Amino acid sequence: GAASGIGRAIALAFAGAGATVAVNHFGQAQAAAAVVEACGSAAAAFDADVGKVAAVARLFDEVEAAFGGIDILVNNAAIVQVKPFLELTDDDWDRVLETNLKSVFLCCRAALPAMLPRGSGCIINIASELAYLGRAQYAAYTAAKGGVITLTRSLAREFAPTVRVNGIAPGPTDTPMLRSELAITGALDAETAIPAGRLGRPEEIAATALFLASEHAGFYHGEMLSPNGGALMR
């Protein structure tokens, strides 16, 4: 999910910090290529559906061939289905869970065997404040993001201290995905009625990801940081 919104901001932030960036976004090759161009020469675009087993295997093989390995994995791909619960179909549920949760399982499973022998690695999973709050007509999305949180904690316990696994649960952030949701629900007033009085910026979420990947976060394992403007205080 690196071609737009939070994923794009994270790719640019990491490139700006000197990382070599593998930019993946399924079906958005042109947008992903634009992100690569903005990142500079030390980046490459990939096009894999991270909810599919074969596609993830191919993606990680291609990244390995291009860059020689992965030090940091950011699981950011997500879709939203806004629909009353009793109208959700099996296909609706499966599609959201596949993209938002199964993708995290598949990508972590692909990355960890390479990280562990090197004795280091960092995984950052993007969840959502709605995993804590819930929201009407977002049952599949919130269930998937709740799964991301608990999966993050389980992996952190299993693979610490060699690989640090943490996550981010952003609040309402000004992205194309949120704007499309607001067009459906008309809930902009509710999204901005938070202590910060505004939507978050993708760059603010990216700064959190950059921190979690840095040496300054060396004592963080299984944490879910929540830049949310005060929408959720825990």
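Couple of notes before you dig in:
- Residue, farthest from the chain's Cα centre (by Cα), within the range 51-76, restricted to residues that are closer than 25 Å to Asp92 by Cβ and open to solvent by 70 Å² or more (accessible area, probe 1.4 Å): Ala54
- Of everything in the range 136-148 that is assigned to a helix (DSSP H, G or I) and touching a residue at least 24 places away in the same chain (Cβ under 8 Å), the residue that is farthest from the chain's Cα centre (by Cα) is Ala139.
- Taking residues in the range 80-100 that are among the hydrophobic types (A, V, I, L, M, F, W, C), and partners anywhere that are outside any helix (DSSP H, G or I), the pairs with Cβ atoms closer than 7 Å and at least 6 places apart or on different chains are Val82/Gln137; Val82/Tyr138; Val96/Ile79; Val96/Gln81.
So that you can scan it fast, the table gives a plain yes or no per residue for (1) at pLDDT below 95; (2) closer than 30 Å to Glu64 by Cβ; (3) among the β-branched types (Val, Ile, Thr); (4) in contact with a Leu (Cβ under 9 Å, 6 or more places away or on another chain):
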residue: Thr99; (1), (2), (3), (4): no, yes, yes, no
residue: Ala111; (1), (2), (3), (4): no, yes, no, yes
residue: Ile126; (1), (2), (3), (4): no, yes, yes, no
residue: Arg135; (1), (2), (3), (4): yes, no, no, no
residue: Ala144; (1), (2), (3), (4): no, yes, no, yes
residue: Val165; (1), (2), (3), (4): no, yes, yes, yes
residue: Ala190; (1), (2), (3), (4): yes, no, no, no
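- Subset of the range 114-135 [open to solvent by 20 Å² or more (accessible area, probe 1.4 Å), in contact (Cβ under 8 Å) with a residue 24 or more places away in the chain and not charged (D, E, K, R)]: Ala114, Leu116, Gly119, Ser120, Ala131, Tyr132, Leu133
- Residue match in the range 13-35 (condition: crowded, with 18+ Cβ neighbours inside 10 Å, within 16 Å of the chain's Cα centre (by Cα) and of a type in the set (Phe, Trp, Tyr)): yes
- The one condition in (1) surrounded by fewer than 21 Cβ atoms within 10 Å (Cβ to Cβ); (2) in contact with a helix residue (DSSP H, G or I) (Cβ under 9 Å, 6 or more places away or on another chain); (3) modelled with pLDDT of 90 or more that Ser4 fails to fulfil: (3)
- One residue stands out among those in the range 214-231 that are open to solvent by less than 30 Å² (accessible area, probe 1.4 Å) and in contact with a helix residue (DSSP H, G or I) (Cβ under 8 Å, 6 or more places away or on another chain): the one that is nearest to Glu158 (Cα to Cα), which is Gly222.
- Arg179 of a type in the set (Lys, Arg) and at pLDDT below 90: yes
- The residue list Arg109, Arg118, Arg95 contains one member that is within 20 Å of Arg157 (Cα to Cα) and over 16 Å from the mean Cα position of the chain (by Cα), which is Arg118.
- Qualifying residue in the range 195-202 (condition: closer than 24 Å to Gly1 by Cβ, modelled with pLDDT under 90 and either polar (S, T, N, Q) or in contact with an Asp or Glu (Cβ under 6 Å, 6 or more places away or on another chain) (or both)): yes
The values are calculated or read from the model by the stated rules, or taken from the named source; none is laboratory data. Here the structure is a predicted model, which means the values were calculated and not measured. Positions of Cβ are backbone-derived with ideal geometry, glycine not excepted, and every protein chain shown enters the neighbour counts. Side chains included, ligands, DNA and RNA excluded: accessible areas come from the protein's heavy atoms. Shrake-Rupley method; radii C 1.70, N 1.55, O 1.52, S 1.80 Å.
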